[in-house]
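The values are calculated or read from the model by the stated rules, or taken from the named source; none is laboratory data. Predicted model only: the values in this text are computed from it and were never measured. For neighbour counting, all protein chains shown are included, and Cβ atoms are generated from backbone atoms with ideal geometry for every residue, glycine included.
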């Protein structure tokens, strides 16, 4: 186990050197640029699947919960969630466009859905918090419908509502808020030069763009540099060189490239995404933003045999378990703000010299960011369902009130299957739906339901209402 809390086999650093050399090759020039990627989600050969990795780690934690173990909630399987998490580049997908069911497909979501910069505007700008709210509501609603007939669906082995889609997209958007390059940038209406939208890399290392070297077959595709003081820096791939330029001129050049962006939904500008060498195909896939997310990928894949250590799993629950929230958009903003604060402090795991990023060991493992991503994913997934369970077949009983022929009781049994927390101020209602009509038979209060305990309460209702229910719905007393 290394100092970051990951398990890693011998020889991993040697493989990283080989991988980085291969990655810097010409193969990337065949990919079509797209500016949505947060942590990587490309399904090609399992190398760039950071989102799927984070999903899997969070799902391991969630699968320990009794609501899932007992089958009380039909939460989607990780295999189904990951089906809606990935994308395939043009070559792998067999088309001229990016394909796949994940939100990084430009046809599935716009750019702004993956970003939130808390440092611009009055209280931050970006579409990710709204998407987190929308997908959280979708997951919560679909799980509720599924749980109402959990026995029927379990018996029939069907899933009539696409909970996996909501689970995957919710996880993706909240995970993006832990990525350093997804808490910077600005919306397309906000293209005037602003250092707060650029991140700390230009401040610490200077702004720069990649240019092809004389040995590259694409050297004639370099951006004109007659108007900038170009200072080539060493340390990059053999076929390109990092050229340092004035930050404001860098911004303006990246804006010009962004305006030429032809991907659907291009409504967010992150300048570090367009500083690759040459022409439009390689501005993105050889730019600092994309290279960073691709280079950290092998740290967690089977290529390096890296997994989260057991002690880290325990820390996730201790730190985040009680942070479930009914305001997921605010939660997303808080996560983005924490990431941005760490980035502004230039914390070690986020910092690297873009000019030397292809050198082995220059880009660090984003360990704490991944920890937070897993924690946040667990939080929004766990907050989407209640651990209070009522079996409508066995826990709701109708009984006659003694010595009172006009009154009946609904006896309710509520189970709190949460292993770590008591439930307080619980309100239970008995509601029956018949077609478009709905009958509310009353409510019962429970001050406290101890963890892993069951309580029984009763609701008294009048006979007249029961007769209506009995006549219209053919329910016996």
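Listing for the model above:
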{"quantity": "Filter pass, residue 267 being in contact with a strand residue (DSSP E or B) (Cβ under 9 Å, 6 or more places away or on another chain), surrounded by fewer than 20 Cβ atoms within 10 Å (Cβ to Cβ), closer than 23 Å to residue 116 by Cα and modelled with pLDDT of 50 or more", "calculated": "yes"}
{"quantity": "Residue within segment 394-409 that is free of Cβ contacts under 8 Å to residues at least 12 places away in the same chain, more than 22 Å from residue 454 (Cα to Cα) and in a strand (DSSP E or B) present", "calculated": "no"}
{"quantity": "Options 449, 431; residue that is exposed (fewer than 12 other Cβ atoms within 10 Å of the Cβ), touching a strand residue (DSSP E or B) at 6+ places or on another chain (Cβ under 8 Å), under 30 Å from residue 137 (Cα atoms) and modelled with pLDDT of 75 or more", "calculated": "431"}
{"quantity": "Unmet criterion (only one of (1) surrounded by 14 or more Cβ atoms within 10 Å (Cβ to Cβ); (2) within 29 Å of residue 298 (Cα to Cα); (3) over 22 Å from the mean Cα position of the chain (by Cα); (4) free of Cβ contacts under 8 Å to residues at least 24 places away in the same chain) for residue 364", "calculated": "(3)"}
{"quantity": "Given (1) surrounded by fewer than 24 Cβ atoms within 10 Å (Cβ to Cβ); (2) at negative phi; (3) at pLDDT below 95, index of the condition residue 125 fails", "calculated": "(3)"}
{"quantity": "Some residue of segment 44-64 being over 17 Å from the mean Cα position of the chain (by Cα), modelled with pLDDT of 85 or more and on the phi < 0 side of the Ramachandran plot", "calculated": "yes"}
{"quantity": "Count of residues meeting criterion [surrounded by fewer than 16 Cβ atoms within 10 Å (Cβ to Cβ) and within 18 Å of residue 392 (Cβ to Cβ)] in segment 415-428", "calculated": "1"}
{"quantity": "Among residues of segment 164-179, those that are buried (at least 24 other Cβ atoms within 10 Å of the Cβ) and assigned to a helix (DSSP H, G or I), counted", "calculated": "11"}
{"quantity": "Given (1) at pLDDT 75 or above; (2) not in a loop (DSSP other than H, G, I, E, B), number of the condition residue 277 does not satisfy", "calculated": "(2)"}
{"quantity": "Of all residues in segment 204-219 being at pLDDT 90 or above and in a helix (DSSP H, G or I), the one that is nearest to residue 290 (Cα to Cα)", "calculated": "205"}
{"quantity": "Residue match in segment 238-250 (condition: in contact with a strand residue (DSSP E or B) (Cβ under 9 Å, 6 or more places away or on another chain), within 20 Å of residue 116 (Cα to Cα) and free of Cβ contacts under 8 Å to residues at least 60 places away in the same chain)", "calculated": "no"}
{"quantity": "Filter result (at pLDDT 80 or above and assigned to a loop (DSSP other than H, G, I, E, B)) within segment 280-314", "calculated": "286, 287"}
